[in-house]
Amino acid sequence: MRPKLVVGNWKMNGSRAANAQLLQGILAGLNDGGAASAVCVPAPYLFQCEQLLAGSAMAWGAQDVATEPCGAFTGEVCSSMLQDFGCRYVIVGHSERRAYHGESNALVAGKAKAALDAGLTPIVCVGETLEQREAGATQDVVGAQLDAVLEVVGADAVPKLVVAYEPVWAIGTGKTATPAMAQEVHAFLRQKLRNCNAEAAEHVQILYGGSMKPENAGDLMAQPDIDGGLIGGAALKSSDFLGIIRAA
Ligand code: G3P
């Protein structure tokens, strides 16, 4: 059995006051021995997370990282900076970055590599649009997204990855993939990982993301290849986030 992991992706939400209230609410409800959890927050709030979460059971991380180690790249945040603020995770290749910032599979692969080089765990997001699903291209799309990363980071890096399957049509829409639909893609992704590193693939956590809530989390995470969740909207309310952690 792989341990479950529940990660909140705050996206571009938060304020110092709201974050403090949210994190205190989550920490107050976390049980010892429950599923592992983390929050990935906007970069300006990493310092606040480090202050509030250090020594707690919850980890923290960022939502993006530069491919370059440091230097003249205005507006970018590099992996050593994330490490400096105690991050364990960084999301790479979220569909919102692919769609609104034109991130290619190759760029996402470079970001995953930069994260690994700094000792961070990249949460590699893959997912198809509704159009692609309806055209029967889901496996081609998510397969190409994952392969691009595996080719760059190599087989030895497989045990250091977290993968997140986020069907674009399920993100923030209230439409969730059924457990069977999600499991089918997760099993396909695990097979891809096996083809790269058979032994390590059994230990890689593959998270589901897309309108996961306390009400549907249990059924999704009961699937054999769904090892947790990457949570958007429901991560912004402590009772919902805790509900998902408990369901895990
Ligand atoms: O990364 C999390 C995500 O995109 C899912 O968002 O709001 O549908 O849970 P949401």
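Among the residues of region 203-230, what is the count of those that are out of contact with any Leu (no Cβ under 9 Å at 6 or more places or on another chain) and either farther than 18 Å from SER95 by Cβ or at pLDDT 95 or above (or both)? Show your work before the answer.
Residues of region 203-230 that are out of contact with any Leu (no Cβ under 9 Å at 6 or more places or on another chain), as a first pass: 203, 211, 213, 215-224.
Subset that is either farther than 18 Å from SER95 by Cβ or at pLDDT 95 or above (or both): 203, 213, 215-224.
Final tally of qualifying residues: 12.
Condition check: assigned to a helix (DSSP H, G or I) and either more than 16 Å from the ligand (Cβ to nearest atom) or in contact with a strand residue (DSSP E or B) (Cβ under 7 Å, 6 or more places away or on another chain) (or both). Does ASN216 satisfy that? Don't jump to the end; show me each part of the working.
Working: assigned to a helix (DSSP H, G or I): yes; either more than 16 Å from the ligand (Cβ to nearest atom) or in contact with a strand residue (DSSP E or B) (Cβ under 7 Å, 6 or more places away or on another chain) (or both): no.
No; evaluated as a whole, the condition is false for this residue.
Quick check on this structure: which one of GLY209, GLY174 is surrounded by fewer than 21 Cβ atoms within 10 Å (Cβ to Cβ), within 16 Å of the ligand (Cβ to nearest atom), within 18 Å of ASN9 (Cβ to Cβ) and not hydrophobic (A, V, I, L, M, F, W, C)? Before you say what the answer is, go through the steps one by one.
Values: GLY209 fails: surrounded by fewer than 21 Cβ atoms within 10 Å (Cβ to Cβ).
None of the other options fit; the residue is GLY174.
Of the residues that make up region 143-166, is at least one within 16 Å of the ligand (Cβ to nearest atom), in contact with a Gly (Cβ under 6 Å, 6 or more places away or on another chain) and aliphatic (A, V, I, L, M)?
Looking through region 143-166, at least one residue is within 16 Å of the ligand (Cβ to nearest atom), in contact with a Gly (Cβ under 6 Å, 6 or more places away or on another chain) and aliphatic (A, V, I, L, M).
Just checking, how many residues over region 1-20 are more than 14 Å from the ligand (Cβ to nearest atom) and touching a residue at least 24 places away in the same chain (Cβ under 8 Å)?
Going through region 1-20, the residues more than 14 Å from the ligand (Cβ to nearest atom) turn out to be 1-4, 14-20.
Checking the rest, the ones that are also touching a residue at least 24 places away in the same chain (Cβ under 8 Å) come to 2-4, 14, 16, 19-20.
The qualifying residues number 7.
Let me spell it out: the conditions are (1) within 17 Å of LEU5 (Cα to Cα); (2) more than 16 Å from the ligand (Cβ to nearest atom); (3) among the charged types (D, E, K, R), and GLU184 meets all of them except one. Which number is the exception?
Checking GLU184 against (1) within 17 Å of LEU5 (Cα to Cα); (2) more than 16 Å from the ligand (Cβ to nearest atom); (3) among the charged types (D, E, K, R), the one that fails is (1).
Any residue at all in region 25-40 that's in contact with a helix residue (DSSP H, G or I) (Cβ under 8 Å, 6 or more places away or on another chain) and more than 27 Å from SER211 (Cβ to Cβ)?
no
Check every one of the strands (runs of 3 or more DSSP E) wholly within region 85-184 and list those with 3 or more residues that are touching a Phe, Trp or Tyr at 6+ places or on another chain (Cβ under 8 Å), of a type in the set (Val, Ile, Thr) and in contact (Cβ under 8 Å) with a residue 40 or more places away in the chain. Steps first, please.
Values: elements: 89-92, 121-126, 162-165.
So the answer is 121-126.
So, GLY61, is that one in contact with a helix residue (DSSP H, G or I) (Cβ under 6 Å, 6 or more places away or on another chain), of a type outside the set (Lys, Arg), in contact (Cβ under 8 Å) with a residue 60 or more places away in the chain and crowded, with 19+ Cβ neighbours inside 10 Å or not? It would help to see each step written out before you state the result.
Numbers: in contact with a helix residue (DSSP H, G or I) (Cβ under 6 Å, 6 or more places away or on another chain): no; of a type outside the set (Lys, Arg): yes; in contact (Cβ under 8 Å) with a residue 60 or more places away in the chain: yes; crowded, with 19+ Cβ neighbours inside 10 Å: yes.
Answer is no for this residue.
Right, LEU53: closer than 19 Å to ILE244 by Cβ, at pLDDT 95 or above and of a type outside the set (Val, Ile, Thr) or not?
Numbers: closer than 19 Å to ILE244 by Cβ: yes; at pLDDT 95 or above: yes; of a type outside the set (Val, Ile, Thr): yes.
Considered against the rule, which asks whether it is closer than 19 Å to ILE244 by Cβ, at pLDDT 95 or above and of a type outside the set (Val, Ile, Thr), LEU53 comes out as yes.
Exactly one of these conditions fails for VAL77: (1) outside any helix (DSSP H, G or I); (2) touching a residue at least 60 places away in the same chain (Cβ under 8 Å); (3) of a type in the set (A, V, I, L, M). Give me its number.
Only one criterion is unmet by VAL77, namely (2).
Step by step: first the residues of region 30-48, then only those that are more than 13 Å from VAL7 (Cβ to Cβ) and modelled with pLDDT of 95 or more, then the one that is surrounded by the most Cβ atoms within 10 Å (Cβ to Cβ). Which residue is that? Quick ask: steps written out before the conclusion?
Kept after step one, since they are more than 13 Å from VAL7 (Cβ to Cβ), are these residues of region 30-48: 30-34, 42-48.
Now restrict to residues that are modelled with pLDDT of 95 or more: 42-48.
Details: PRO42: 16, ALA43: 15, PRO44: 10, TYR45: 23, LEU46: 21, PHE47: 12, GLN48: 17.
The residue in question is TYR45.
The values are calculated or read from the model by the stated rules, or taken from the named source; none is laboratory data. Source: prediction; values computed, not measured. Heads up, the Cβs are rebuilt from the backbone with ideal geometry, glycines too, and the neighbour counts pull from every protein chain shown.
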